[in-house]
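Reviewing the structure listed below.
The values are calculated or read from the model by the stated rules, or taken from the named source; none is laboratory data. Fair warning: this is a prediction, and the values are worked out from it, not measured in the lab. Note: ideal-geometry Cβ built from the backbone for every residue, glycine included; neighbour counts use all protein chains shown.
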Amino acid sequence: MRINAAVTWHDRRSKIALIILWVVRILVKPILTLWPSNDFGIALLGRLSWVVDRLTPTPRTVHVTPTELGGVPGEHIISPKPVDDPLDDATILYLHGGGFIFCGPSTHRQLCTQLALDSGAPVYSMDYRQVPTVPIAGSVQDAMNAYVALLDVADDPTRIIVAGDSAGGYLAAKVAEIAARRGIQRPAAVIGYSPLLNLDLDDHDPAYMARDSYLPIKALDKLRPRWFAGQEAIEGEMNPVDADPALFPPMFMCAAEYELTRPDVEIMTERLVSAGQVVETHLWREQIHAWPVLARTLPEAMALIALSTAFARRIVMAVDDDRAA
């Protein structure tokens, strides 16, 4: 492990991580490269959540119930084990990844379960609308509607942690940015697992971007017109990395050594540090994009989730100290 200011590099890689890396590189990436980006192809990917929901048993270690926030459906996950720490009164709003076209609470249930167990906080995992039903602007609006509704039902609205992976990391950052722009209560912190902070991925070195073991840049290029279909504009900055760093609360981010989102995670980290904001970033070798989704299967995923909840715990404790002063 090597630490450089706000960035920590991790060299640890388990055998299962290497197996997953090469299986994804050899099998999954070529399939995604050839996958059609039309409505039929997107609909087939959308069935993934349905398949996972039926093949994966609901974890017995937590209580999972259907819920709704601001008209957005989702799951409410509660750890039955009491945790006596500062996150007791916190709430986690989780926004899943999937390129704004697929995945949902079922595909991310193991990750959200681990977040609930590690933090002791209730987790709301939201099933926001995606392409082709709505462009990204509609996904952003759903995320904001869920967050605003959560302000009214959370035990302590000043202790809401907004988290997400990949496209969900984009939404988590947008929630924080838009909340600040609207002048409403900001999240206490943002957790982004391989967050997509820039929709203009061709801004970066194509040779590096091609080394992502999972996500083919050509497939995303074909998909991008669907992200912006329609006349509705994305509220605030289109790319969170371009927003004023002062708008963001403390941020925790991670990225794999070779993945599409890493350049902007590093740029965002640098801008937050330069602005005097609190940020903690972890870069990990030999991992795939958004590897925390493989929680309870991958040791590095469990380690990263533990680091993120420890970060949230420190932020909440700092808020308590400020109140006491």
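For region 35-45, a tally of residues being free of Cβ contacts under 8 Å to residues at least 60 places away in the same chain, outside any loop (DSSP other than H, G, I, E, B) and either of a type in the set (Gly, Ala, Ser) or surrounded by 11 or more Cβ atoms within 10 Å (Cβ to Cβ) (or both) returns 4. Just to check your reading of the model, which residue among TYR128, TYR147 is in contact with a strand residue (DSSP E or B) (Cβ under 9 Å, 6 or more places away or on another chain), of a type in the set (Ser, Thr, Tyr) and under 18 Å from ALA189 (Cα atoms)? Of TYR128, TYR147, the one residue that is in contact with a strand residue (DSSP E or B) (Cβ under 9 Å, 6 or more places away or on another chain), of a type in the set (Ser, Thr, Tyr) and under 18 Å from ALA189 (Cα atoms) is TYR147.
So CYS112 passes all but one of these: (1) part of a helix (DSSP H, G or I); (2) surrounded by fewer than 24 Cβ atoms within 10 Å (Cβ to Cβ). Which condition number does it fail? Exception for CYS112: condition (2). The set of residues in region 218-259 being surrounded by 17 or more Cβ atoms within 10 Å (Cβ to Cβ), over 30 Å from ARG159 (Cα atoms) and either among the aliphatic types (A, V, I, L, M) or free of Cβ contacts under 8 Å to residues at least 12 places away in the same chain (or both) consists of ALA219, LEU220, LEU223. Filtering region 78-101 to residues that are of a type outside the set (Lys, Arg) and over 21 Å from MET144 (Cβ atoms) leaves ILE78, SER79, PRO80, PRO82, VAL83, ASP84, ASP85, PRO86, LEU87, ASP88, ASP89.
May I ask you to verify whether ALA179 is of a type outside the set (S, T, N, Q), without any contact (Cβ under 8 Å) to a residue 40 or more places away in the chain, part of a helix (DSSP H, G or I) and surrounded by 15 or more Cβ atoms within 10 Å (Cβ to Cβ)? Against the criterion (of a type outside the set (S, T, N, Q), without any contact (Cβ under 8 Å) to a residue 40 or more places away in the chain, part of a helix (DSSP H, G or I) and surrounded by 15 or more Cβ atoms within 10 Å (Cβ to Cβ)), ALA179 qualifies. Could you list, in sequence order, all residues of region 150-169 that are more than 22 Å from ILE184 (Cα to Cα) and either in contact with a His (Cβ under 6 Å, 6 or more places away or on another chain) or in a helix (DSSP H, G or I) (or both)? Listed by number, the list holds a single entry, ALA167. Of the helices (runs of 4 or more DSSP H) lying entirely inside region 210-325, the ones with 1 or more residues being at pLDDT below 95 and within 18 Å of ARG186 (Cβ to Cβ) are found at 299-324. Comparison of ILE20, ILE26, ILE3 shows that the only residue that is surrounded by fewer than 20 Cβ atoms within 10 Å (Cβ to Cβ), hydrophobic (A, V, I, L, M, F, W, C) and either at pLDDT 90 or above or under 28 Å from ARG186 (Cα atoms) (or both) is ILE26.
For the condition of a type in the set (D, E, K, R), surrounded by fewer than 16 Cβ atoms within 10 Å (Cβ to Cβ) and under 24 Å from LYS15 (Cα atoms), what is the one hit in ARG262, ARG285?
Checking each option against the conditions leaves just ARG285.
In this structure, THR269 does not satisfy being within 15 Å of the chain's Cα centre (by Cα), buried (at least 16 other Cβ atoms within 10 Å of the Cβ) and of a type in the set (Ser, Thr, Tyr).
Return yes when GLY192 is within 21 Å of GLU177 (Cα to Cα) and either under 18 Å from the mean Cα position of the chain (by Cα) or surrounded by fewer than 19 Cβ atoms within 10 Å (Cβ to Cβ) (or both) and no when it is not. The answer is yes for GLY192.
Evaluate region 158-172: report whether one residue or more is surrounded by fewer than 24 Cβ atoms within 10 Å (Cβ to Cβ) and of a type outside the set (Lys, Arg). Within region 158-172, one or more residues are surrounded by fewer than 24 Cβ atoms within 10 Å (Cβ to Cβ) and of a type outside the set (Lys, Arg).
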